[in-house]
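Chemist: Before I ask anything, let me first share the structure, which is written out below as C-alpha coordinates.
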Amino acid sequence: MIIAPAEPHDVAKLLAFREEAAAWLRGRGSDQWSRPYPADKLLATIEAGTVFMLRDGHTTAGTITLTPDAEEGLWTDEELAEPSIFVNKLTVAREYAGQNLGERLLDWAGDRAHRAGAQWLRLGGMAWTTNEGLQRYYLAQGFTHVRTVHEGTAVNGGPRVSGWLAQRVARRTADHGFTDRTPTPERLRFAA
(Lines give C-alpha, C1' and ligand atoms only; values in the text may rest on other atoms or scores of the structure.)
Protein backbone atom coordinates (compact mmCIF):
# COMPACT_ATOMS: atom_id res chain seq x y z
CA MET A 1 0.00 0.00 0.00
CA ILE A 2 1.09 3.54 -0.75
CA ILE A 3 0.60 6.58 1.48
CA ALA A 4 0.53 9.89 -0.37
CA PRO A 5 -0.82 13.42 0.08
CA ALA A 6 -4.52 13.85 -0.62
CA GLU A 7 -5.51 15.78 -3.72
CA PRO A 8 -8.48 18.10 -4.24
CA HIS A 9 -10.42 15.39 -6.11
CA ASP A 10 -10.28 13.27 -2.91
CA VAL A 11 -12.85 15.49 -1.11
CA ALA A 12 -15.79 13.32 -2.17
CA LYS A 13 -14.01 10.16 -1.01
CA LEU A 14 -13.10 11.73 2.32
CA LEU A 15 -16.68 12.86 2.91
CA ALA A 16 -17.91 9.35 2.07
CA PHE A 17 -15.35 7.89 4.51
CA ARG A 18 -16.70 10.14 7.25
CA GLU A 19 -20.29 9.12 6.52
CA GLU A 20 -19.31 5.43 6.51
CA ALA A 21 -17.44 5.82 9.81
CA ALA A 22 -20.32 7.76 11.38
CA ALA A 23 -22.78 5.02 10.40
CA TRP A 24 -20.47 2.35 11.82
CA LEU A 25 -20.05 4.32 15.07
CA ARG A 26 -23.81 4.92 15.27
CA GLY A 27 -24.31 1.15 15.05
CA ARG A 28 -22.14 0.87 18.15
CA GLY A 29 -24.10 3.46 20.07
CA SER A 30 -21.83 6.48 19.48
CA ASP A 31 -22.90 9.83 18.07
CA GLN A 32 -19.30 10.67 17.07
CA TRP A 33 -19.01 12.31 13.65
CA SER A 34 -22.80 12.54 13.39
CA ARG A 35 -22.61 16.12 12.10
CA PRO A 36 -21.62 16.55 8.44
CA TYR A 37 -18.14 17.96 7.86
CA PRO A 38 -17.98 21.04 5.59
CA ALA A 39 -16.43 20.18 2.22
CA ASP A 40 -14.75 23.59 1.99
CA LYS A 41 -12.92 23.03 5.31
CA LEU A 42 -11.82 19.62 4.11
CA LEU A 43 -10.53 21.07 0.85
CA ALA A 44 -8.59 23.71 2.81
CA THR A 45 -6.82 20.98 4.84
CA ILE A 46 -5.98 19.11 1.64
CA GLU A 47 -4.56 22.27 0.09
CA ALA A 48 -2.54 22.86 3.28
CA GLY A 49 -0.89 19.47 2.75
CA THR A 50 -2.05 17.93 6.03
CA VAL A 51 -4.29 15.14 4.67
CA PHE A 52 -2.82 11.80 3.61
CA MET A 53 -4.43 8.92 1.77
CA LEU A 54 -3.57 5.24 2.08
CA ARG A 55 -4.08 3.65 -1.33
CA ASP A 56 -4.30 -0.01 -2.24
CA GLY A 57 -3.99 0.12 -6.00
CA HIS A 58 -6.90 2.28 -7.17
CA THR A 59 -8.81 1.84 -3.89
CA THR A 60 -8.45 4.17 -0.93
CA ALA A 61 -8.04 2.07 2.21
CA GLY A 62 -7.67 4.85 4.77
CA THR A 63 -6.85 8.44 5.57
CA ILE A 64 -5.19 10.46 8.30
CA THR A 65 -4.74 14.18 8.89
CA LEU A 66 -1.63 15.47 10.68
CA THR A 67 -1.16 19.05 11.73
CA PRO A 68 1.14 21.00 14.05
CA ASP A 69 -1.90 23.08 15.06
CA ALA A 70 -3.93 22.06 18.10
CA GLU A 71 -7.67 22.44 18.19
CA GLU A 72 -8.43 25.54 20.21
CA GLY A 73 -9.41 25.09 23.83
CA LEU A 74 -8.01 21.62 24.44
CA TRP A 75 -4.33 21.95 25.40
CA THR A 76 -2.70 24.22 27.97
CA ASP A 77 -0.06 26.82 27.07
CA GLU A 78 2.59 24.61 28.71
CA GLU A 79 1.55 21.62 26.60
CA LEU A 80 1.45 23.74 23.46
CA ALA A 81 5.05 24.79 24.13
CA GLU A 82 6.08 21.14 23.61
CA PRO A 83 6.67 20.27 19.93
CA SER A 84 3.75 18.11 18.84
CA ILE A 85 1.88 16.80 15.84
CA PHE A 86 -1.86 16.32 16.18
CA VAL A 87 -3.76 13.45 14.58
CA ASN A 88 -7.20 14.16 13.14
CA LYS A 89 -9.74 12.26 11.06
CA LEU A 90 -8.04 8.85 11.11
CA THR A 91 -10.39 6.63 9.12
CA VAL A 92 -10.07 3.16 7.64
CA ALA A 93 -12.54 1.93 5.02
CA ARG A 94 -14.79 -0.76 6.53
CA GLU A 95 -13.73 -3.24 3.83
CA TYR A 96 -10.18 -2.99 5.25
CA ALA A 97 -11.21 -3.39 8.91
CA GLY A 98 -9.28 -5.94 10.92
CA GLN A 99 -5.99 -5.51 9.01
CA ASN A 100 -4.29 -3.26 11.61
CA LEU A 101 -4.26 -0.34 9.19
CA GLY A 102 -5.21 2.13 11.93
CA GLU A 103 -2.30 0.96 14.08
CA ARG A 104 0.06 1.14 11.11
CA LEU A 105 -1.17 4.64 10.16
CA LEU A 106 -0.49 5.77 13.74
CA ASP A 107 3.01 4.28 13.56
CA TRP A 108 3.59 6.10 10.27
CA ALA A 109 2.26 9.31 11.85
CA GLY A 110 4.57 8.89 14.86
CA ASP A 111 7.54 8.41 12.53
CA ARG A 112 6.58 11.49 10.50
CA ALA A 113 6.11 13.51 13.70
CA HIS A 114 9.54 12.41 14.92
CA ARG A 115 11.16 13.42 11.62
CA ALA A 116 9.47 16.84 11.95
CA GLY A 117 11.07 17.30 15.37
CA ALA A 118 7.98 16.59 17.47
CA GLN A 119 8.21 15.19 20.95
CA TRP A 120 4.58 14.07 20.98
CA LEU A 121 1.98 12.55 18.69
CA ARG A 122 -1.26 13.84 20.18
CA LEU A 123 -4.95 13.13 19.88
CA GLY A 124 -7.28 15.98 20.68
CA GLY A 125 -10.95 15.49 20.05
CA MET A 126 -10.38 12.36 17.94
CA ALA A 127 -12.22 10.21 20.45
CA TRP A 128 -15.27 11.88 21.87
CA THR A 129 -15.78 11.84 25.61
CA THR A 130 -18.65 9.38 25.11
CA ASN A 131 -16.75 6.96 22.83
CA GLU A 132 -15.13 4.67 25.37
CA GLY A 133 -14.45 1.97 22.78
CA LEU A 134 -12.33 4.31 20.69
CA GLN A 135 -10.57 5.56 23.81
CA ARG A 136 -9.64 1.96 24.69
CA TYR A 137 -8.37 1.46 21.13
CA TYR A 138 -5.99 4.42 21.39
CA LEU A 139 -4.78 3.32 24.82
CA ALA A 140 -4.01 -0.11 23.30
CA GLN A 141 -1.96 1.72 20.63
CA GLY A 142 0.36 3.12 23.29
CA PHE A 143 -1.32 6.46 23.92
CA THR A 144 -1.59 7.81 27.46
CA HIS A 145 -4.73 9.63 28.53
CA VAL A 146 -3.86 13.23 29.43
CA ARG A 147 -7.30 14.50 30.49
CA THR A 148 -10.86 14.81 29.35
CA VAL A 149 -12.17 18.27 28.54
CA HIS A 150 -15.89 18.53 29.26
CA GLU A 151 -18.30 21.22 28.20
CA GLY A 152 -17.45 24.47 29.92
CA THR A 153 -13.91 23.42 30.89
CA ALA A 154 -12.04 24.35 27.70
CA VAL A 155 -8.64 25.96 28.36
CA ASN A 156 -7.48 29.33 27.04
CA GLY A 157 -11.08 30.40 26.44
CA GLY A 158 -11.43 28.02 23.51
CA PRO A 159 -14.83 27.16 22.07
CA ARG A 160 -14.38 23.39 22.27
CA VAL A 161 -17.22 21.66 24.06
CA SER A 162 -15.46 18.41 24.93
CA GLY A 163 -12.57 16.19 24.01
CA TRP A 164 -10.63 13.14 25.17
CA LEU A 165 -6.93 14.03 25.04
CA ALA A 166 -4.11 11.52 24.73
CA GLN A 167 -0.50 11.43 23.58
CA ARG A 168 2.40 9.11 22.92
CA VAL A 169 6.05 9.79 22.26
CA ALA A 170 6.82 10.48 18.59
CA ARG A 171 9.32 7.86 17.48
CA ARG A 172 11.04 6.56 14.37
CA THR A 173 9.71 3.37 12.92
CA ALA A 174 10.08 1.60 9.62
CA ASP A 175 7.59 -1.07 10.63
CA HIS A 176 4.43 0.53 9.23
CA GLY A 177 4.97 -1.35 5.96
CA PHE A 178 3.68 1.38 3.63
CA THR A 179 5.44 2.81 0.60
CA ASP A 180 5.74 6.45 1.66
CA ARG A 181 5.21 8.88 -1.21
CA THR A 182 4.84 11.94 0.99
CA PRO A 183 7.25 14.86 0.98
CA THR A 184 9.76 15.16 3.80
CA PRO A 185 7.93 16.80 6.71
CA GLU A 186 8.79 20.39 7.53
CA ARG A 187 10.63 20.82 10.80
CA LEU A 188 8.41 22.23 13.54
CA ARG A 189 8.99 25.75 14.73
CA PHE A 190 8.16 26.33 18.37
CA ALA A 191 9.08 28.52 21.28
CA ALA A 192 11.25 26.62 23.72
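The values are calculated or read from the model by the stated rules, or taken from the named source; none is laboratory data. Note that the structure is predicted; figures quoted are calculated from it, not measured. Backbone-built Cβ (ideal geometry, glycine too); neighbour counts: all protein chains shown.
Chemist: Of all residues in region 94-144, which are among the hydroxyl-bearing types (Ser, Thr, Tyr) and in contact (Cβ under 8 Å) with a residue 60 or more places away in the chain?
Modeler: Within region 94-144, Thr130 is the sole residue that qualifies.
Chemist: Here is a further query. Test Thr76 against the criterion of being over 29 Å from Arg147 (Cα atoms), among the hydroxyl-bearing types (Ser, Thr, Tyr) and surrounded by fewer than 16 Cβ atoms within 10 Å (Cβ to Cβ), and give yes or no.
Modeler: Against the criterion (over 29 Å from Arg147 (Cα atoms), among the hydroxyl-bearing types (Ser, Thr, Tyr) and surrounded by fewer than 16 Cβ atoms within 10 Å (Cβ to Cβ)), Thr76 does not qualify.
Chemist: Here is a further query. Residues that are modelled with pLDDT under 95, touching a Leu at 6+ places or on another chain (Cβ under 9 Å) and more than 24 Å from Thr182 (Cα to Cα): list the strands (runs of 3 or more DSSP E) wholly contained in region 50-165 that include at least 1 such residues.
Modeler: Passing ranges, in order: 120-127, 144-149.
Chemist: Test Ala174 against the stated conditions and say whether it is at pLDDT below 90, within 30 Å of His58 (Cβ to Cβ) and either outside any strand (DSSP E or B) or of a type in the set (Phe, Trp, Tyr) (or both).
Modeler: yes
Chemist: Among the residues of region 21-42, is there at least one that is out of contact with any Asp or Glu (no Cβ under 6 Å at 6 or more places or on another chain), surrounded by 15 or more Cβ atoms within 10 Å (Cβ to Cβ) and within 23 Å of Thr184 (Cα to Cα)?
Modeler: Looking for residues that are out of contact with any Asp or Glu (no Cβ under 6 Å at 6 or more places or on another chain), surrounded by 15 or more Cβ atoms within 10 Å (Cβ to Cβ) and within 23 Å of Thr184 (Cα to Cα), one finds at least one in region 21-42, hence yes.
Chemist: Same structure again: Can you tell which of Gly62, Gly27 is in contact with a helix residue (DSSP H, G or I) (Cβ under 7 Å, 6 or more places away or on another chain) and of a type outside the set (A, V, I, L, M)?
Modeler: Result: Gly62 is the single residue among Gly62, Gly27 that is in contact with a helix residue (DSSP H, G or I) (Cβ under 7 Å, 6 or more places away or on another chain) and of a type outside the set (A, V, I, L, M).
Chemist: May I ask you to verify whether Leu42 is under 26 Å from Ala12 (Cβ atoms), in contact (Cβ under 8 Å) with a residue 24 or more places away in the chain and part of a helix (DSSP H, G or I)?
Modeler: When the stated conditions are applied, Leu42 passes them.
Chemist: Would you check if there is a residue in region 57-77 being within 13 Å of Leu165 (Cα to Cα) and among the aliphatic types (A, V, I, L, M)?
Modeler: yes
Chemist: Determine, yes or no, whether Arg35 is among the basic types (Lys, Arg) and either at pLDDT 80 or above or not in a loop (DSSP other than H, G, I, E, B) (or both).
Modeler: no
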